[in-house]
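The values are calculated or read from the model by the stated rules, or taken from the named source; none is laboratory data. Computed from a predicted structure; not experimentally measured. Positions of Cβ are backbone-derived with ideal geometry, glycine not excepted, and every protein chain shown enters the neighbour counts. Keep in mind that these areas ignore ligands, DNA and RNA; they rest on the heavy atoms of the full protein, side chains included. Shrake-Rupley method; radii C 1.70, N 1.55, O 1.52, S 1.80 Å.
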Amino acid sequence: MAVKQALDRPRCGWATSDPLYIRYHDEEWGVPSHDDEHLFEMLILEGAQAGLSWITILRKRDNYRRAFDRFDARKIAKYDARKVKSLLADEGIVRNRLKIASTIDNARAFLDVQKEFGSFDRFIWSFVGGKPIVHRPRTLGNLAPSTTESDAMSKVLKKRGFRFVGSTICYAFMQACGLVDDHVATCFRARRSTKSRR
């Protein structure tokens, strides 16, 4: 009965009957994240999604955590040609040479940001003034794929050496990590407060 009630909850239209999508929507998407490791993971996964569906990445998420040392930026920043070769042979992840190389570059840029600002969290949340931007669209179709905030984030990240961080990818990252809350007005998540992830 509890499972049926959970499935019957009104949700955003993209949260289909796939259990992974439902759990991700209900427990993670739009929850403000202030955990540097989680923010880095999501930035990498959103970049990996480019040209693919999000469910494809969700299904490979555990494989990504295994392959990329649980998104430990310090370890990833030291990856060499031998490690890249092993990643290109790993069927559990998206085997795209540019995306793998960008993950290494992004780890190095991420560490530079942490060193300069004290945390990636402090840096990335500055693009929304330190608190979530809340939208309550009737449907997700009412939302633009990017905003002035994601444009600004993309521009600065690229200047700092990050890759696969176009404005659309940045906006998806902002949605995922709660910098913006885009749950539709009829979604049950829009009607309850959400604790930050730290």
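Values as computed for the structure displayed
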{"item": "Correct option for Rg and Dmax of the Cα atoms in Å [calculated from the coordinates] among (1) 16.9, 52; (2) 20.3, 75; (3) 21.3, 66", "result": "(1)"}
{"item": "All Cα pairs of segment 100-198, percent lying beyond 18 Å", "result": "51 percent"}
{"item": "Ranked order, 86, 102, 17 - accessible area, probe 1.4 Å, largest first", "result": "17, 86, 102"}
{"item": "Computed over segment 1-87, Cα set: Rg, Dmax in Å", "result": "15.7, 52"}
{"item": "Highest average packing first - 92-100, 77-85, Cβ atoms within 10 Å", "result": "92-100, 77-85"}
{"item": "Length gained when the stretch residue 97-residue 9 is fully extended (0.36 nm per residue, less Cα-Cα span)", "result": "27.6 nm"}
{"item": "Solvent-accessible surface (1.4 angstrom probe) belonging to residue 69, in square angstrom, nearest 10", "result": "60 Å²"}
{"item": "Backbone N within segment 17-51 under 14 Å of label point (7 Å from residue 133 Cα along the Cβ vector)", "result": "none"}
{"item": "Distance (nanometres) between label positions extended 7 Å along Cα→Cβ at residue 158 and residue 126", "result": "2.0 nm"}
{"item": "Ratio Rg/Rh, restricted to segment 37-109 and using Cα atoms, in which Rh is the Kirkwood radius", "result": "0.91"}
{"item": "Helical mean residue ellipticity (222 nm; -39500 (n - 2.57) per DSSP H run of 4+; nearest 500) of the chain", "result": "-16000 deg cm²/dmol"}
